[in-house]
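Structure first, then comments.
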Amino acid sequence: YLDGAIMAVPPAIGTDEAVILHSGPQPDFETHKSTLEALGTITYLGADPGLASLYDVAGLAMMWSVLNAWLQGTAMLRTAGVDAATYAPFAQQIATGVAGWLPGYAEQVDSDNFTAEVSALETDARAMEHLIEESEALGVNAELPKLLKTMADRALAAGHGGEQYPVLIEEFTKPAPA
């Protein structure tokens, strides 16, 4: 069994922009590789057939998180008369910068070492509180930053205030509190 996940909008199918993930037995992937390449840029993830599907939902988590953060900022700036198109290039620059942190954060998560190299979680939590206060002062929905702050507060209560932001992996890897 070879599984696949299409990480593209329909018009991108057949172009290099279409990212298509595959998992399952490598011999099966190799047998069909030339056919699959016609669909877009293909990536083989490993023998576990569930990996393509898991990468798919992990990608959706990333996509919606980025888009929702952009919408939060857009809603705040709209209160000052700034339109979404004006904010978009700045937001794109921020998103690109944050994406650059991922390899270093991945090292911290994989090594379970969250030494604060840039800022500590307690500093980030104060900035989250500021985001909540500003959102509420502007009359903008603050549910998303409150959720993030709630997770950070649990990590702070567990004694992780002096560690770097990726320590929140511990909050993401356990079930939500009842």
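The values are calculated or read from the model by the stated rules, or taken from the named source; none is laboratory data. These figures come from a predicted structure and were not determined experimentally. All Cβ positions, even for glycine, are placed from backbone atoms using ideal geometry, and neighbour counts span all protein chains on display. Keep in mind that these areas ignore ligands, DNA and RNA; they rest on the heavy atoms of the full protein, side chains included. Shrake-Rupley method; radii C 1.70, N 1.55, O 1.52, S 1.80 Å.
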(request) May I ask you to list the residues of the range 104-141 whose amide nitrogen lies under 13 Å from a point 7 Å from Cα along the Cα→beta-carbon direction of A75? (result) 132-141
(message) Please compute the Kirkwood hydrodynamic radius of the range 39-84 from all pairs of different C-alpha atoms, in Å with one decimal.
(response) 13.2
(request) For the chain, build the charge dipole from Cβ charges (+1 Lys, Arg; -1 Asp, Glu) around the Cα centre, then report which of M63, A116, A75 sits farthest towards its positive end. (result) A75
(request) Give me the orientation-averaged projected area of the Cα convex hull of the range 116-178, in nm², one decimal. (result) 4.5
(message) Could you report the range 43-163's accessible area per residue, 1.4 Å probe, as an integer in Å²?
(response) 63
(request) Could you look at the chain and say what percent of its accessible area is carbon and sulfur, using a 1.4 Å probe and all protein chains? (result) 61
(message) Can you tell me what share of the DSSP beta bridges in the range 1-65 is antiparallel? A percent to the nearest 5 is fine.
(response) 55
(request) Within the set of other residues whose C-beta is less than 11 Å from the C-beta of A120, count the net charge using Lys and Arg as +1 and Asp and Glu as -1. (result) -3
(request) Starting from the coordinates of the alpha-carbon atoms of the chain, obtain the Kirkwood hydrodynamic radius over all distinct pairs and give the value in Å to one decimal. (result) 19.0
(request) Would you please classify the overall shape of the range 11-70 from the alpha carbon gyration tensor, given that a ≥ b ≥ c denote the square roots of the eigenvalues, rounded means a/c under 1.5, and beyond that prolate means a/b larger than b/c while oblate covers the rest? (result) oblate
(message) Taking loop as defined by DSSP and a crowding limit of 13 other beta carbons within 10 Å, which chymotrypsin sites (Phe, Trp or Tyr not before Pro) in the range 35-75 fit?
(response) none
(request) Quote to one decimal, in nm, the extra length available between A88 and H32 on full extension: 0.36 nm per residue of separation minus the C-alpha distance between them. (result) 16.2 nm
(message) What figure, in Å² to the nearest 10, do you get for the accessible area of D16 with a 1.4 Å probe and non-protein molecules left out?
(response) 130
(message) Within 14 Å, Cβ to Cβ, of G139, how many net charges do the neighbouring residues add up to if Lys/Arg are +1 and Asp/Glu are -1?
(response) -3
(request) Determine which aspartates and glutamates satisfy two conditions relative to K146: a Cα distance under 19 Å, and not lying fewer than 8 residues away in the same chain. (result) E122, D124, E129, E133, E134, E136, E170, E171
(request) Sum up the charges of everything whose Cβ sits under 15 Å from the Cβ of D56, counting Lys and Arg as +1 and Asp and Glu as -1, but leave D56 out. (result) -2
